[in-house]
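I have placed the structure first, in the form of structure tokens, so that the comments after it can refer back to it.
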Amino acid sequence: MHLSLHQNTPLGILCCVPLLSYFLLLTQLVVPIAIVTNQLTKVYISSYHHQMKNIGLFFLVVVATFVVAATAGSFYQDFEITWGGERAKIYENGNLLTLSLDRASGSGFRSKKEYLFGKIDMQLKLVPGNSAGTVTAYYLSSLGPTHDEIDFEFLGNLSGDPYTLHTNVFSQGKGNREQQFHLWFDPTKDFHTYSVQWNPASIIFSVDGTPIREFKNLETKGVPFPKSQPMRIYSSLWNAEDWATRGGLVKTDWSKAPFTAFYRNFNSQTSSSTGQSLDATGQAKIRWVQKNYMIYNYCTDIRRFPQGLPPECSIA
């Protein structure tokens, strides 16, 4: 850069020439610097947004994983072994539980918390082969002489003969409301889901999402209904050869011991809503199951109740 000055240029201006030259030089430098700085800023902001996006995605994945884990739970977290010692075992980081029965003892577990209304799901794979005389029980129950109880019980049988699924409902200490079914699959070959949906309006038993029984709240008709006693979940594998298979005619073959049942994928959904009974579709499914697979219904057992069937049996 070259400045041409006249010889008569005032002294004040001459004094300012170095400053002016510096200013012009600085101006020529600042403009490209600003351009470069602007580009660097854009790159930084873009990189920052990209990193924050990745952090956000990572955070969402972590949260989602936590939610799923909290929903699924584990046998370590949700249950405790109550009897049978080493015959009851938890495997696969709490995702699988087994109960075993031998001549000396059976085994069992229960939930750590109590439930008052909600939906309970458990997947079971039952004792294979000759399971005659054995009972795998899976149920909810409170304690005391006026306890409430909601039962699934699986009665073993000889190899090749079907299991009997036994259901019952106790309210205020009174049961005698048995319904029994054969299943439309072999419950020893794979895991199947057995569910209880319990609300103030009804109790619904389901197998693999298909309702098989509904016990409605008919308190207005004088029928007690479980509604005020919180219940724990229990399960056990035990010897009941005096009644379980063909009324006790077939005994347990201890040469086949130990007998083992498997549990996984426990899930609970608590609810304080008023609840509803089954809709028309659900009622149609129950009729299909009861027509094709029910083998005993207390509501049709006139011999057992010579003084008259329980009141809920005559109420549509």
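Read-outs throughout are calculated quantities, based only on the coordinates presented, and are distinct from any laboratory measurement. None of the values given here were measured: they were computed from a predicted structure. Quick reminder, even Gly has a Cβ in these numbers, built from the backbone with ideal geometry, and neighbours come from all protein chains shown.
Could you please report the charge total around Ser100, scoring K, R as +1 and D, E as -1 over all other residues with beta-carbon less than 14 angstrom from its beta-carbon?
Numbers: positive: Arg87, Lys89, Arg103, Lys125, Lys256; negative: Glu86, Asp102.
After counting each charged neighbour, the total is +3.
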Report the full-extension gain for the segment Thr146 to Ser74: residue separation times 0.36 nm, less the Cα-Cα distance, to one decimal in nm.
22.8 nm
